[in-house]
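Take a look at the structure below.
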Amino acid sequence: MVRVRTDPYVRVFDTTLRDGEQSPGASLTSDEKLVLARSIAALGVDVIEAGFPAASPDDLAAVQSIARQVGTAEGPIIAGLARACRGDIESAWEAVRLAHRPRIHTFIATSDLHMECKLSMSREQVLARVREMVGYARSLCDDVQFSPEDATRSDPGFLIQVTTAAIEAGATTLNIPDTVGYALPNEYSQLLARLIEQTARVGIVWSAHCHDDLGLATANALAGIEAGARQVEVTVNGIGERAGNTSLEEVVMALATRRPELGLETGIETRQLTSISRMVSRFTGISVPPNKAVVGRNAFAHEAGIHQDGMLKDERTYEIMTPESVGLERSELVLGKHSGRHAFRSRLQEIGVELDEVQLDEAFKQFKKLADRRKTITDADLMALTRAEVGTSEEHYRLGHLQVVCGSPAAATATVRLIGRQGSERVGAAVGSGSVDAVFRAIQKIAEAPNELIDFRIRNVTAGIDALGEVSVRIAPGSEAAKSPAHASNNGHGHNGPRSNGHGVTDGHRTNGHRTNGHRPSSHRPSGHDSNNANTVQAAQATYAGYGADTDVIVASAKAYLAAINRMLTATMAVTASMAATATSSADAASPGAPMPLADTTQPITFPRYEPFAEEPFDPDYTVGIP
């Protein structure tokens, strides 16, 4: 039966600076080790294994510096690793002796495989070496830790002899390493329980040291703790030889989260776990996997719609610990193709965007389309997507299909299909000086809404090849004779060349993130003296903005231009309706005895020019000259 100790405190032995540094490519300088040691000490660990002093003069100097500056009266125990030989032990003592509480950690392999192939020593020789070297270490330092390397593949009977000899020679801590991550949790706990029972000594601390070769490091360490180990050897982010060591953050949060069941605690300030994780990752150059427990980028991130809905109702539905408990500000609801309306609406509200149900439906459709093309949707993407919905006027036309053919020196050709208010479709094509120019000309041909392009801007919302591009345009009503919009050229990659607005205004070059403005000649503004003419003047002088966003900047440009045209048509129809109402009032005033006709409020006011159009055959001869 596994024996469980009653002592509730588990000491945290951090070996990030020694075993963790043995990760391939993770070598640290002396200065980096000192900075990390200070942060690890501030985390609240009980022991810092600062290095292997006999490995190199630099490592010796680093451990000395840590012992002197971090191993203060208020600081942790500072340990140095040494093989079971006199030279290593002397180097370790020289390195840690300046610490307020120094420790020598010595080891020798005890599995038959290691003794035969690596050490070329017999069991009797190893046993004698343990007695001699642990005794020598104890003569130098009051705190000695002994580890039988490859303990989990050692003969349990021989392991009992070795640990008993180490205790008798003066070891105060016995560490049982699963050096190659071979043990199963029940095997490890049974081994520790047997050793504790058969070598019972008051005042001895047993320690668990596990590796993650089979992904069982944390499970084995917890099993060892349940069996009676009251020290656990860990590294930040679980870095270490091969597949790594037991992860500090995983063991600490497991003990904290399941404290009611386990009745155990540590001295770790868990709110610093995220910051120390990022520091170690930055110094070693070893990235933290996104799905890493506790400190990974996705540890408190939720994308599935069902999970997000639960999180918005009660965070306990899908989180067993709070993000604040490990140093994060909050959980993250990641918007992606699996997200639902609840999370989408919630995130919009957080960034200050309020949409009615109709606008929300349309924005959510656009969001889903974007999410199918991109892994992650940012707040900037959401602002870009919803900006087109906020304050949108009546939609006379919407974009159904767009195709552009362009190249050099060939002219750009655009084919556009627009959908009217009652679902009717109409196709138009045009040639332009660039992709955007061709698209705008084709849209204007279909919409029959002469206008002048006053402003055109394009920029990327986020970084990356799949970034969302947003386009803003501003147009003004043009004369009936003006059959084309401004010549906005675009090569399909977000950069436009010089253009002319078609009304005598020549603009310079425009690049991504900048704008080019035209100026409408005053001769294009009609004037009048009566109220109807005043309304006409006001409508003619107004400008109308449009906005569009898409991963394709040409599509975004089409959406923006179409939005501006829709606003212009809505305003024009309002002016026309106002003029009609004024004319009716004047006629009624001239004939006071005439009965007032009843308005049919069940029928919308329609105007032939802007009626939803019927299908019209494509005119292949319709082209526009290239400036």
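The values are calculated or read from the model by the stated rules, or taken from the named source; none is laboratory data. This structure is a prediction, so every number in the text was calculated from the model and none was measured. Note that we place each Cβ from the backbone using ideal geometry, even for glycine, and neighbour counts take in every protein chain shown. When the accessible area is computed, the model is the full protein with side chains, heavy atoms only, and any ligands, DNA or RNA have been set aside. Shrake-Rupley method; radii C 1.70, N 1.55, O 1.52, S 1.80 Å.
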- Output the residues belonging to segment 175-205 that are open to solvent by less than 20 Å² (accessible area, probe 1.4 Å) and either under 42 Å from the mean Cα position of the chain (by Cα) or in contact (Cβ under 8 Å) with a residue 60 or more places away in the chain (or both). Asn175, Ile176, Pro177, Asp178, Gly181, Ala183, Tyr188, Ser189, Leu192, Ala193, Ile196
- Query: How many of the residues making up segment 119-148 are buried (at least 19 other Cβ atoms within 10 Å of the Cβ), among the hydrophobic types (A, V, I, L, M, F, W, C) and under 16 Å from Ala79 (Cα atoms)?
  - Reply: 5
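Residues are listed down the side, and each one gets a yes or a no for (1) in contact with a strand residue (DSSP E or B) (Cβ under 9 Å, 6 or more places away or on another chain); (2) closer than 11 Å to Ala95 by Cα:
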residue: Thr29; (1), (2): no, no
residue: Leu36; (1), (2): no, no
residue: Ile40; (1), (2): yes, no
residue: Gly44; (1), (2): yes, no
residue: Ile48; (1), (2): yes, no
residue: Ala55; (1), (2): yes, no
residue: Leu60; (1), (2): yes, yes
residue: Ile66; (1), (2): yes, yes
residue: Gly71; (1), (2): yes, no
- Of Gly20, Gly25, which residue is touching a residue at least 12 places away in the same chain (Cβ under 8 Å), open to solvent by 10 Å² or more (accessible area, probe 1.4 Å) and within 33 Å of the chain's Cα centre (by Cα)? Gly25
- Task: Could you list, in sequence order, all residues of segment 92-150 that are outside any helix (DSSP H, G or I), without any contact (Cβ under 8 Å) to a residue 40 or more places away in the chain and either hydrophobic (A, V, I, L, M, F, W, C) or at positive phi (or both)?
- Result: Leu98, Ala99, Ser120, Met121
- Out of all the residues in segment 402-460, which are open to solvent by less than 10 Å² (accessible area, probe 1.4 Å), among the β-branched types (Val, Ile, Thr) and modelled with pLDDT of 90 or more? Val416, Val436, Val439, Ile443, Ile446
- Note on the structure: Restricted to segment 219-244 and to residues being of a type in the set (S, T, N, Q) and under 26 Å from the mean Cα position of the chain (by Cα), the residue least open to solvent (accessible area, probe 1.4 Å) is Thr235
- Task: Would you point out the residue of segment 1-17, among those that are among the β-branched types (Val, Ile, Thr) and open to solvent by 70 Å² or more (accessible area, probe 1.4 Å), that is modelled with the lowest pLDDT?
- Result: Val4
- Query: Which one of these does Ala99 not meet: (1) touching a Ser or Thr at 6+ places or on another chain (Cβ under 9 Å); (2) closer than 23 Å to Cys141 by Cα; (3) surrounded by fewer than 19 Cβ atoms within 10 Å (Cβ to Cβ)?
  - Reply: (3)
- Task: From the list Ile48, Ile40, pick out the single residue that is open to solvent by less than 10 Å² (accessible area, probe 1.4 Å) and under 22 Å from Thr106 (Cα atoms).
- Result: Ile48
- Item | Members of segment 310-328 that are acidic (Asp, Glu) and either open to solvent by less than 40 Å² (accessible area, probe 1.4 Å) or modelled with pLDDT under 80 (or both) | Glu319
- Do we find that Asp58 is in contact (Cβ under 8 Å) with a residue 24 or more places away in the chain and closer than 22 Å to Gly238 by Cβ in this structure? no
- Message: Kindly evaluate His342 against the criterion of being in a loop (DSSP other than H, G, I, E, B) and not hydroxyl-bearing (Ser, Thr, Tyr).
- Response: no
- Message: I'd like to check which helices (runs of 4 or more DSSP H) are fully inside segment 217-301 and have at least 1 residues that are closer than 26 Å to Thr152 by Cβ and touching a residue at least 12 places away in the same chain (Cβ under 8 Å).
- Response: 217-226, 248-257, 259-262
- Message: So Asp88 passes all but one of these: (1) in a loop (DSSP other than H, G, I, E, B); (2) surrounded by fewer than 24 Cβ atoms within 10 Å (Cβ to Cβ). Which condition number does it fail?
- Response: (1)
- Query: Considering only segment 409-439, how many residues are touching a residue at least 12 places away in the same chain (Cβ under 8 Å), more than 23 Å from Thr572 (Cβ to Cβ) and part of a loop (DSSP other than H, G, I, E, B)?
  - Reply: 3
- Here the qualifying pairs (Cβ atoms under 7 Å; residues six or more apart or on different chains; first in segment 62-82 and in contact (Cβ under 8 Å) with a residue 12 or more places away in the chain and farther than 20 Å from Thr173 by Cβ; second part of a loop (DSSP other than H, G, I, E, B) and open to solvent by 10 Å² or more (accessible area, probe 1.4 Å)) come out as Gln64/Leu98; Arg68/Leu98; Thr72/His100; Ala73/His100
